[in-house]
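Following: one structure in structure tokens, then a few remarks.
The values are calculated or read from the model by the stated rules, or taken from the named source; none is laboratory data. On a predicted model such as this, the values are computed, not experimentally measured, just so you know. Quick reminder, even Gly has a Cβ in these numbers, built from the backbone with ideal geometry, and neighbours come from all protein chains shown.
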Amino acid sequence: MTTRLIRSVVGLAMVSIFISILMFRLNSPIAGVFELSVCAGLISVIFITAISFTQRITVGQYSNAKSDRMKKYWILPFLIAAVGMYLAQKKVDIKVASPVRMPEGDVQNLMWNVRHMDILGQIIILLAGAIGVVILFKHLKDKK
Amino acid sequence: MSETFLLYSIFSLLIFIIGLYYILVTGSLIRLLIGVEIMIKAATMFLIMSGFVTGSPSRAQAFVITLIVIEVVVMVVASGVVISFYRKSRSIKTSSINNLKG
């Protein structure tokens, strides 16, 4: 089970790498670098740490869970395929309105001068996350 | 430009559906988080693509950087919750979270 979980995490990292490549191709190199370093790197490390803190389940438990899952959700792939075919039949034609071009400058200028409140929000969110983790693990330290 | 928009929209939608399917099917809390992460990636891709199509990639990048920061914090806190839950109940199965029924 642990091996399968780690395989899932590696798959997620691969998706991140692929999305970073697409970001580079879509003229967004800074977001691509963030995606590559943070999502493919840091989040994979977080998941692998969480997996290493938990224990593997037995083969019997895994096969029971798998058979339950197959019984419950066997219809989902067919449903998704049916919806996809219906949408393909309808030939959805999305018309993109021509945007109003605004002078925006580069990302650095935009982040630090125009959307500087976003930076403040990010700092507050990071602090909230740090405090949340400290509170989550505080009782474990107290128990020891 | 419209073809690019349609192509990347379909790609984002596909990733979103994969994440949704993963969340619906899985019974493990860590896999549930991975599903949420995949869905967030679809939203990220959609933002970048809309920035490219509308000709303002810098603005889209600013939003995406904020989104990535929020994503990391959410994942760290959620992983902490999963580990705490595991230490309390010795299980990471979603079916075993039924103690909050009031």
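Of everything in the stretch B:34-72, what is within 7 Å of chain A (Cβ to nearest Cβ) and under 24 Å from A:R69 (Cα atoms)? Give them in sequence order.
B:I34, B:E37, B:I38
Can you tell me which residue within the stretch B:13-56, out of those that are crowded, with 21+ Cβ neighbours inside 10 Å and in contact with a Pro (Cβ under 9 Å, 6 or more places away or on another chain), is nearest to A:I6 (Cα to Cα)?
Among them, the one singled out is B:I48.
Among what's in the stretch A:12-63 and is more than 13 Å from the chain's Cα centre (by Cα) and among the charged types (D, E, K, R), pick the residue that is modelled with the lowest pLDDT.
Among them, the one singled out is A:R56.
Looking at (1) of a type outside the set (D, E, K, R); (2) in contact with a Pro (Cβ under 7 Å, 6 or more places away or on another chain); (3) crowded, with 19+ Cβ neighbours inside 10 Å, which one does B:G80 not meet, given that it meets all the others?
(2)
Got a sec? Which of B:S84, B:S50, B:S56 is over 17 Å from the mean Cα position of the chain (by Cα) and closer than 22 Å to A:T54 by Cα? Before the answer, list the steps.
Values: B:S50 fails: closer than 22 Å to A:T54 by Cα; B:S56 fails: closer than 22 Å to A:T54 by Cα.
The match here is B:S84.
When you check B:V81 against the structure, is it of a type outside the set (D, E, K, R), facing chain A (nearest Cβ under 7 Å) and in contact with a Lys or Arg (Cβ under 9 Å, 6 or more places away or on another chain), yes or no?
Considered against the rule, which asks whether it is of a type outside the set (D, E, K, R), facing chain A (nearest Cβ under 7 Å) and in contact with a Lys or Arg (Cβ under 9 Å, 6 or more places away or on another chain), B:V81 comes out as no.
Starting from the stretch A:11-38, take each residue that is facing chain B (nearest Cβ under 7 Å) and list its partners that are among the aromatic types (F, W, Y) and part of a helix (DSSP H, G or I), counting only C-beta distances under 7 angstrom and pairs at least six apart or across chains.
A:L26/B:F52; A:N27/B:F52
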